Amino acid sequence: MTVLQGMLGEQVRDALIDALLPARCLNCRRPAAAAGWSPFLCSRCSAALPLRTRPTCVAPGLWIWAPMAFEGPARVLLHALKYHGATLIGRRLGQQIAMLLEETAPQIVVPVPLHWRRRWVRGHNQALTLARGVARELPSVRVMQVLRRVRATAPQVGLGARRRRANLRDAFAVETSRRRIEGLRVVLLDDVVTTGSTMLEAATTLRGEGALEILLAAAAVVPPIRQLTAPRSEPATQASRTR
Ligand SMILES: [Zn+2]
């Protein structure tokens, strides 16, 4: 099978999955709204999305650009993206992330990779779907899959911050020896951020590639979170610490 056939097959499959989603709210099963998050949420659940307009702090010095908190209807959207490969939802979430990131003028989006075994089982990487959604909204942004997961890690659920970091040590590698992100403003993107351990480990791996700045972004962050109210100078400084 050629690469093109593979991509077309994936697109057709994703389109079918999206088409089969019922026109009922994924969260409460009421008829979906004609606007807002149509056809995925009703107007009430669309309005209840815990939206964020500024970066959020998930750990000391760790700021994540994410358009929503991982609660209520946002959990349902992220679940559909992760486990059902709902491309249209990924595209919409990517659009939300792009709107949030626009002022940072990013040039490259790097999706956090899955280990090949997990990607094979799931059939897609939800972070890549989101990254494509961002690039679709911001035409000057390119998606680069420069990271590779070299070690299958145990699920992070239930682990404390320290054990999460130990679990992820040396989990990532850079895909290429060419310094493709040198001097560029890079966004490292994942679907959901809990403690930020995965992000930190991936950012550490990217650090040696000479990026001008590495910003961390996600579709959602798990509460409790603290939203930044000051102008963006603070998170930019904080994010640059991850270089
Ligand atoms: Zn609803």
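Net charge within 12 Å of residue 135 by Cβ-Cβ distance, Lys/Arg positive one each and Asp/Glu negative one each, not counting residue 135 itself?
Local net charge: +3.
Sort 104-112, 52-60 by packing, meaning the average of other beta carbons within 10 Å per residue, with the highest value first.
Output ranking for 104-112, 52-60: 104-112, 52-60.
With a Förster radius of 45 Å, plug the Cβ-Cβ distance of residue 136 and residue 30 into 1/(1 + (r/R0)^6) and report the FRET value to the nearest 0.05.
0.95
For residue 25, list long-range residues whose amide hydrogen, built 1.01 Å from N in the peptide plane, is under 5 Å from its own amide hydrogen.
Correct list: 30, 32, 42.
Just need the relative contact order of the range 49-240 here, percent rounded to a whole number, with Cα pairs under 8 Å and 6+ apart.
That works out to 30 percent.
Let me know the Rg and Dmax you get for the range 24-65 when you use only its Cα atoms, in Å.
14.3, 42
Could you please rank 175, 182, placing first whichever residue has the fewest other Cβ atoms within 10 Å of its Cβ?
The fewest-first ordering by Cβ neighbours comes to 182, 175.
If each residue's Cβ is checked for other Cβ atoms within 10 Å, how do 70, 40 rank with the fewest at the top?
Lowest to highest Cβ neighbour count: 70, 40.
Please compute, for the alpha-carbon atoms of the range 49-240, the extent along each of the three principal axes and give them in descending order in Å.
37, 36, 34
Average projected area of the Cα convex hull of the range 70-120, in nm²?
Projected area, direction-averaged: 4.5 nm².
Can you work out ³J(HN,Hα) from phi for every residue in the range 122-136, in order, using Karplus 6.51 cos²θ - 1.76 cosθ + 1.60 and θ = phi - 60°, giving whole Hz and x for Gly and Pro?
7, x, 6, 10, 5, 5, 5, 4, 5, 4, 5, x, 5, 5, 5
Convex hull over the alpha-carbon atoms of the range 126-175: what's its volume per residue in Å³?
103 Å³
Could you check the simple spin-label distance between residue 120 and residue 44, using points 7 Å along Cα→Cβ, in nm with one decimal?
Modelled inter-label distance: 4.5 nm.
Every number in this text was worked out from the coordinates using simple rules, so none of it is lab data. Remember, predicted model here, so these are calculated numbers, not experimental data. Counting neighbours? That spans all protein chains shown, and the Cβs are built from the backbone with ideal geometry, glycine included.
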